[in-house]
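Rule-based calculations on the coordinates, nothing more; no lab input. Keep in mind that what you see is a predicted model, and the values were worked out from it rather than measured. Quick reminder, even Gly has a Cβ in these numbers, built from the backbone with ideal geometry, and neighbours come from all protein chains shown.
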Amino acid sequence: MIARMLEELCELLNGQETLREARFVPEFPGKRLEGPLRRPTVSVGVDSMEVEDAGIGRVAGGGATGCRAEITLGFGLYVPFADGAQGLYRLLSAMTDILLFDSGYAMRRLHCAGVTANRNTGAFTLHAAYTFQADFKRGG
């Protein structure tokens with residue numbers, strides 16, 4: 001269920017015209033990036049997760065077993081120095097719009113850390129954590 005959520009969100013973001021130059025990969029933290037970075041890259045993975053009502057279908061006698069989860073996904077954003085720090089904010093803004101309105105998961109919170117410069121990759125970096133509420137069913 002979690003791997004599928006990561007893959008779905010990466011596919012959604014990779015398929016957007018406004019993000020056509022960026023690459024989204026379902027791994028966080030991302031593999032060590034070799035510099036200089038040539039295109040914006042975002043690694044996506046689980047920061048934390050809390051599950052409620054696990055197995056509620058079994059308790060209630062229903063046929064489906066499911067749970068409600070609050071999942072915080074970590075997004076490591078990397079934008080080449082040539083794009084400037086403003087390129088990082090444009091990427092974050094476009095991602096947030098898509099995740100908020102088009103993802104099919106209910107976003108509850110967004111938390112961002114400050115921008116840093118990484119000379120090894122030749123990129124500005126930012127960590128963003130999006131918290132979603134999701135209902136999962138066994139086999140669903």
Practice prompt. List every residue whose amide H lies under 5 Å from the amide H of residue 49, counting only residues 5 or more places away in sequence or on a different chain, with H placed 1.01 Å from N in the peptide plane.
Written response: 72
Worksheet item: What are the ³J(HN,Hα) values, in whole Hz, obtained from phi via the Karplus relation 6.51 cos²θ - 1.76 cosθ + 1.60 with θ = phi - 60°, for each residue of region 118-126 in sequence order, with x given for Gly and Pro?
Response: 10, 5, 5, 9, x, 9, 7, 10, 8
Item to complete: Quick one: which residues, 5 or more positions from residue 122 or on another chain, have an amide H under 5 Å from its amide H? H modelled 1.01 Å from N in the peptide plane, none for Pro or chain starts.
Response: 37
Worksheet item: With θ set to phi - 60° and the Karplus curve 6.51 cos²θ - 1.76 cosθ + 1.60, what are the ³J(HN,Hα) couplings of region 69-79 in order, to the nearest whole Hz, using x for Gly and Pro?
Response: 10, 10, 10, 9, 9, x, 10, x, 9, 10, 10
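Of the DSSP beta bridges with both residues in region 2-137, give the percent that are antiparallel, rounding to the nearest 5.
Close to 90 percent.
Net charge near residue 87: determine it from the other residues with C-beta under 15 Å of the C-beta of residue 87, scoring Lys and Arg +1 and Asp and Glu -1.
Every neighbour counted, the sum reads +3.
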Item to complete: Provide, as a two-decimal number, the C-alpha radius of gyration of region 2-137 over 2.2 N^0.38 Å, N being how many residues it has.
Response: 1.17
Worksheet item: Using θ = phi - 60° and the Karplus form 6.51 cos²θ - 1.76 cosθ + 1.60, what ³J(HN,Hα) does each residue of region 90-106 get, whole Hz, x for Gly and Pro?
Response: 5, 4, 4, 5, 5, 4, 4, 4, 5, 5, 6, 10, 10, 7, x, 10, 7
